[in-house]
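Everything below concerns the one structure shown next.
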Amino acid sequence: MIKQLLLCLLVCQIVIAQEIRVKGIVIDAKDNVPLPQASVRLKGQTSGTLTDMEGRFSLRLKSSSDTLLVSMVGYETVLVTPKGTTVTIKLRQKVNELAEVRVRPGENPAWAIIRNVLANRPQNDPNQLDTYKASAYTKILVVVDSLNRVLKDSTKKVIGSKKITAPIYIVENISELIHKKPNKNKETVVASVNNIAQVYSQMLNYLPLDLHKIDFYSELYNFPLLKRFYVNPLNSKTFSQYDFTLEDTLFHERDSTFIISFRPYPKTNFDALKGVMHINTDGYALEYINVAPVDTLQNFGFRIQQRYQRISGRWFPQTATTRLLAGYSSSGYTGAFQVKFTTQLHDVALNIPLDDQLFDEVQRAMRPSATRHTYETFKALRPDTLADWERKMYFNFKKPNGLASRLDSTYGHILGSLLSNVFEIGPIEFQPSDLLMGNSAEFIRLGVGLQNNQSNRPRFRLYGYAGYGLRDHRWKYKILASWHITRDRYNRLSVYHQRDLVQPGTTEFLGPNYLIDPKPSLPFFSQKDSIPFQADYYQRYGVSLHFKPFPWNWFRLDLHHEQRTPSYRYFYQDNNTFEITELTLDWRFAFREAVYRTGRMESVVNRYFPIINVQISKGLPALGSQFDYWRLAMQLYFQFRTKRLGFSNVKLAGGYTSGNLPYSYLFGSLGSTGLINISGLNASSFPLATFRTLPSYAFIADRYAALYYSHDFSRTLLRLKNKYSQPRLLVYNNVLVGGLRTPEKHSFSWNYQSNPFHAEAGLEVRDLLRIPIRSIFLGTGMGVAYQYAPAPTGLWQNNAKAYWLGINLSR
């Protein structure tokens, strides 16, 4: 018995001694870039492993003579016999691979797998979880990669090239993520460090969340930098859009992984993706994705990689990487400019109680203490190790008395103040935007505004401003005191007194909740019509209450007294100075409006619609108003998208006044003048919310309704294979109806002949010409509008207008 036991132990020892654990990395043979999710297995075996997001793997061999079979979609398969316990494996990309015409007997075998993924999407999409909480480590790298310097001799003859990789910038964040179904999300950055000046941590975290997502289940993948919506291959109509190929099946102990490649069918016109996805049979969930855009002529390329893991029986993102890629060419250098976002999630807790008070309108915020960390203090928080070249970035840039050190100590405060529009000087602060403004009435306005330091007293604000117009030679000023009732800034009580100018016939609707209220702007342009630019001078004092009783709804109740005098020749019943006391209620509804706030920098993003504004005003004669009236103004902005034909914008606007009012308080549509639009009652970020064929000040009404509709086909109708021309077609139709009940009470200095109805249709071709400048494109195009109501008279050319779209950043 003892001999048998000893023999058994000896055999086991021999078997264990023969087993060898090999660790290695799989990289691209050309660029030495790690290849995640490459399949590594023993030759002749169906089981194996996949490389992680850094291309690393670990596999147990039965003997030193075992051969590894390494494969990846888009690369040549290799056989490797390890000569030690560590190995580096290089894969070469398949070149000159012609598009295949696949003839399959029966249904594509990948379709059944994709159907199961779609059926299980509600259980696997992390956004469908009731709640979750996680810690996130995010690393952002800016690198000039594969930079080739062209070498020339004294005769400027090319004699070779030199390859350089230049790391420029690194920032690391520790964040807390929370989510509550259906659509409450918040990320709070609690620690941040970078290799230059700490103010740059605020800049990078100011970027929208959509630029770097941690899930891949939405049917439309929004990429805001390119202003495009890419059709996800995981959508209900995917089999008519994408071609799938089952490349491989990797077997594990308890489940299997299907490796499926995909790309759109030939001659598709929607914004499409191509790549590889790994589907696990446990719940038919995404285990890994690697995707890139099909369009290679856009000004930015990108690659998205995500890996998922099982947590408490659910699949949840583990690591997400987004790479932004742009070509670079300058002064004998050519290469690729790359920004890489990598997020690792840990300490994940699913379906736990989360209080609604943890969520507010801010979806991303940075704690004031987050940027106080140094490289040394951040070490204890970092869950991963940095590569040698990443560590060197911190010390190469932050040398004593170096530029980065000076940015932190000397210029960091100035730079941060310029970016956030706030300079802090002890107990006070001022806004650089107050120093210089301009418009047609004043030409240039010089001014200064001061307020108490909001970092010290964020619940109370005392603000004073004074400015002087160089053309009209008048002083403008504003004094405001506000008390923020709650910490979320939505609920506040204010008193104010101001003197300024405003365009007549306009409505100032309630906007988003900004830390610094944006100032209403007047146009600065060269007048093309015969009527001079119009502005009213006013003096106003009042009290207002802002409050938010429930999500996405914001209200303002305002009581003010105002005296207004037109700067142009206009009389209402022989008067040209008007005095009102008005009570106004404003309502703003913005569905799932998101605010990103890092320090004093902020932005507001509306991914979802509608956005509704309603304003109701009442004149109060008992409190000194010259007019007794009710005034209603409203606007609705909605956008809807299709997967194949671009997206449409719809805006409805209207207004009504009871009682008699002068032109200053009515509704005036300021049409287009020449090549530059002027915004009036149609003021909005809404595209084409103006009338191209309506002369300025030709429409004045005490009741009106307007419909603005435009559809952007993007490049769904025409896709040229030319980087210098990428035409995007947009069509629009605008209709306006309204009137003035008592025109005889108004005395206009211009020939006013208002028509109660105006309608036009138009067409624009954007990016008709694209001009490459370094790694970006500047685009331009043309448009034409035609007035079809009232009934056109005379030659058709009299009712048409062609215009140039100007220069803008092309996508």
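The values are calculated or read from the model by the stated rules, or taken from the named source; none is laboratory data. Owing to the predicted nature of the structure, the values given are computational and were not obtained by experimental measurement. Virtual Cβ from ideal backbone geometry, glycine too; neighbours counted across all protein chains shown.
Structural remarks
- Residue, modelled with the lowest pLDDT, within the stretch 590-628, restricted to residues that are surrounded by 20 or more Cβ atoms within 10 Å (Cβ to Cβ) and assigned to a loop (DSSP other than H, G, I, E, B): Gly599
- Residues in the stretch 745-757 that are assigned to a loop (DSSP other than H, G, I, E, B) and either buried (at least 16 other Cβ atoms within 10 Å of the Cβ) or without any contact (Cβ under 8 Å) to a residue 60 or more places away in the chain (or both): Trp750, Asn751, Tyr752, Gln753, Ser754, Asn755, Pro756.
- Any hit, the stretch 274-283, residues being touching a Lys or Arg at 6+ places or on another chain (Cβ under 7 Å) and surrounded by fewer than 20 Cβ atoms within 10 Å (Cβ to Cβ): yes
- Listed by position, the strands (runs of 3 or more DSSP E) enclosed by the stretch 237-341 that each have at least 2 residues that are among the charged types (D, E, K, R) and within 29 Å of Pro109 (Cα to Cα) are 242-251, 301-311.
- Single match in Ala197, Ala191 (criterion: modelled with pLDDT of 85 or more, buried (at least 18 other Cβ atoms within 10 Å of the Cβ) and over 27 Å from Asp295 (Cα atoms)): Ala191
- Test result for Tyr465, touching a residue at least 24 places away in the same chain (Cβ under 8 Å), surrounded by 16 or more Cβ atoms within 10 Å (Cβ to Cβ) and aromatic (Phe, Trp, Tyr): yes
- Hits in the stretch 373-397 - residues which are in a helix (DSSP H, G or I), of a type outside the set (Phe, Trp, Tyr) and at pLDDT 80 or above: Glu376, Thr377, Asp388, Glu390, Arg391, Lys392, Met393
- Taken over the stretch 519-546, the criterion of being within 27 Å of the chain's Cα centre (by Cα) and at pLDDT 75 or above is satisfied by Lys519, Leu522.
- All positions within the stretch 26-57 that are in a loop (DSSP other than H, G, I, E, B) and either of a type in the set (Gly, Ala, Ser) or in contact with a Gly (Cβ under 7 Å, 6 or more places away or on another chain) (or both): Ala29, Leu35, Pro36, Ala38, Gly44, Gly55
- Within the stretch 588-608, residues that are at positive phi have Cβ atoms under 8 Å from residues that are part of a strand (DSSP E or B) in these pairs: Gly599/Met366, counting only partners at least 6 apart in sequence or on another chain.
- Cβ-Cβ under 9 Å pairs, at least 6 apart or on other chains, the stretch 760-787 side more than 21 Å from Asn722 (Cβ to Cβ) and touching a residue at least 24 places away in the same chain (Cβ under 8 Å), far side among the hydroxyl-bearing types (Ser, Thr, Tyr) and part of a loop (DSSP other than H, G, I, E, B): Glu760/Thr693; Gly762/Thr693; Ala785/Ser672; Ala785/Thr693; Tyr786/Thr693; Gln787/Thr693
- All conditions in (1) closer than 30 Å to Phe337 by Cβ; (2) out of contact with any strand residue (DSSP E or B) (no Cβ under 8 Å at 6 or more places or on another chain) hold for Ala791, with the sole exception of (1).
- In this structure, Leu345 does satisfy being out of contact with any Asp or Glu (no Cβ under 8 Å at 6 or more places or on another chain), modelled with pLDDT of 85 or more, under 30 Å from Asn513 (Cβ atoms) and of a type in the set (A, V, I, L, M).
- Every condition in (1) closer than 30 Å to Tyr375 by Cβ; (2) assigned to a strand (DSSP E or B); (3) modelled with pLDDT under 80 holds for Gly160 except the one numbered (1).
- Odd one out for Thr581, checked against (1) closer than 30 Å to Tyr752 by Cβ; (2) out of contact with any helix residue (DSSP H, G or I) (no Cβ under 7 Å at 6 or more places or on another chain); (3) surrounded by 18 or more Cβ atoms within 10 Å (Cβ to Cβ): (2)
- Failed criterion for Val502 (all others in (1) under 30 Å from Leu358 (Cβ atoms); (2) touching a residue at least 24 places away in the same chain (Cβ under 8 Å) hold): (1)
- Residue within the stretch 496-506 that is assigned to a strand (DSSP E or B) and more than 26 Å from Pro662 (Cα to Cα) present: no
- Inter-residue pairs, beta-carbon under 9 Å, first in contact (Cβ under 8 Å) with a residue 24 or more places away in the chain and in the stretch 710-727, second loosely packed, with under 13 Cβ neighbours inside 10 Å and assigned to a strand (DSSP E or B), 6+ apart: Tyr724/Ile771
- Of all residues in the stretch 347-379 being crowded, with 16+ Cβ neighbours inside 10 Å and among the polar types (S, T, N, Q), the one that is farthest from the chain's Cα centre (by Cα): Thr371
- Subset tally (residues that are closer than 27 Å to Thr238 by Cβ, over 18 Å from the mean Cα position of the chain (by Cα) and either among the aliphatic types (A, V, I, L, M) or not in a loop (DSSP other than H, G, I, E, B) (or both)) for the stretch 635-655: 2
- Failed item in (1) in a strand (DSSP E or B); (2) surrounded by 14 or more Cβ atoms within 10 Å (Cβ to Cβ), with Val543 passing the rest: (2)
- Top-ranked residue in the stretch 473-494 [being of a type outside the set (Lys, Arg) and within 15 Å of Gln539 (Cβ to Cβ); ranked as surrounded by the most Cβ atoms within 10 Å (Cβ to Cβ)]: Leu480
- The single condition from (1) surrounded by fewer than 16 Cβ atoms within 10 Å (Cβ to Cβ); (2) in contact with a strand residue (DSSP E or B) (Cβ under 9 Å, 6 or more places away or on another chain) that Glu760 fails is (1).
- Taking each residue of the stretch 279-305 that is outside the structural domain of Pro772 (by TED's automatic domain parsing) and looking for partners that are crowded, with 22+ Cβ neighbours inside 10 Å and among the basic types (Lys, Arg) with beta-carbon atoms closer than 6 Å, six or more apart or interchain, yields nothing.
- Qualifying residue in the stretch 737-744 (condition: surrounded by fewer than 20 Cβ atoms within 10 Å (Cβ to Cβ), among the basic types (Lys, Arg) and either under 30 Å from Ala326 (Cβ atoms) or over 29 Å from the mean Cα position of the chain (by Cα) (or both)): yes
- Flag if Arg692 is buried (at least 20 other Cβ atoms within 10 Å of the Cβ), among the basic types (Lys, Arg) and modelled with pLDDT of 75 or more: yes
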